[in-house]
Amino acid sequence: MVSRMTLRPVLTVLALVLGVLFAPGVGVVSGATDAFAVSKLTHSQATARFSSSGVTWSSSGGCSNRNVSTCTSFDQVNLPTAQGAQTLKSATGCALNITGGTETGHASGTYSHWNGYKLDIGKTTCLTNYVHGVFSYIGLRGDGAPQYQSGSGNVYADEGSHWDVTYYNCGGC
């Protein structure tokens, strides 16, 4: 009999691979990093999604104003980014707490927090073990952060206290 601990990673990898094949803007026709038009969410829409999936969030400033760097805002987050966090929660079974969203103060660029592609997720032993055990190590980022890539192409950078996650797609939602 296949144990639950063995079956979960296998099913997760299968879901992530299927996500690569069927997610819009990625797969065999285009690269995982090709930009494409995405739906944007309000802070309220994103938090409703997170709440329904058991994903929590916190803010060092206790606020959600996108223009204040100590807030955690999801205003203008991409729908696939929010779905990616929901998929991660479902696939891992780990507690997920988002500590950074679309608020000002993060690095700029096309695939940035401000543009809705990135979330900071607090590190836990459960999540770190999952990322190390299921995703592929792809080397160090320019700033020295170790990076891991999911089967769907999303990138998880270990920034010490949290995972800086770039969602190119919803991760097989």
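The values are calculated or read from the model by the stated rules, or taken from the named source; none is laboratory data. Everything quoted here is computed from the prediction, not taken from an experiment. Neighbour counts run over all protein chains shown; Cβ positions are idealised from the backbone, glycine included. Ligands, DNA and RNA are stripped out before the accessible areas are found, and what is left, the full protein with its side chains, is counted by its heavy atoms. Shrake-Rupley method; radii C 1.70, N 1.55, O 1.52, S 1.80 Å.
A straight Cα-to-Cα reach below 16 Å connects residue 123 with the aspartates and glutamates 158, 159, 164, residues fewer than 8 places away in its own chain not being considered.
For an R0 of 35 angstrom, estimate the FRET efficiency from the Cβ-Cβ distance between residue 60 and residue 136 and round to the nearest 0.05.
0.65
Annotation: aspartates and glutamates with alpha-carbon distance below 17 angstrom to residue 40 (same-chain offsets under eight excluded): 75, 103.
By DSSP, what percent of the beta bridges with both residues in region 42-173 are antiparallel, rounded to the nearest 5?
Beta bridges within region 42-173, antiparallel portion: roughly 90 percent.
Taking amide hydrogens as placed 1.01 Å from N in the peptide plane, the amide H of residue 75 sits under 5 Å from those of 43, 102, each at least 5 positions away in sequence or on another chain. Close amide H partners of residue 63, meaning residues 5 or more places away or on another chain with modelled amide H under 5 Å apart, are 72.
For region 72-113, the gyration tensor built on C-alpha atoms gives a prolate shape. Its axis ratio a/c (a ≥ b ≥ c) is at least 1.5, and a/b is the larger of a/b and b/c.
Probing with 1.4 Å while keeping every protein chain in the model, the per residue accessible area of region 44-173 equals 40 Å². Excluding residue 67 itself, calculate the net charge of residues whose Cβ lies under 15 Å from the Cβ of residue 67, where each Lys or Arg counts +1 and each Asp or Glu counts -1. Computed value for this residue: -1. Here the Karplus relation 6.51 cos²θ - 1.76 cosθ + 1.60, evaluated at θ = phi - 60°, turns the backbone of region 44-51 into coupling constants of 5, 5, 5, 5, 5, 4, 4, 4 Hz, with x for every Gly and Pro. Of the peptides 60-73, 96-109, the order by per-residue mean of other Cβ atoms within 10 Å, starting with the highest, comes out as 96-109, 60-73. Taking a ≥ b ≥ c as the square roots of the eigenvalues of the alpha carbon gyration tensor, region 39-139 is prolate, as a/c is not under 1.5 and a/b beats b/c.
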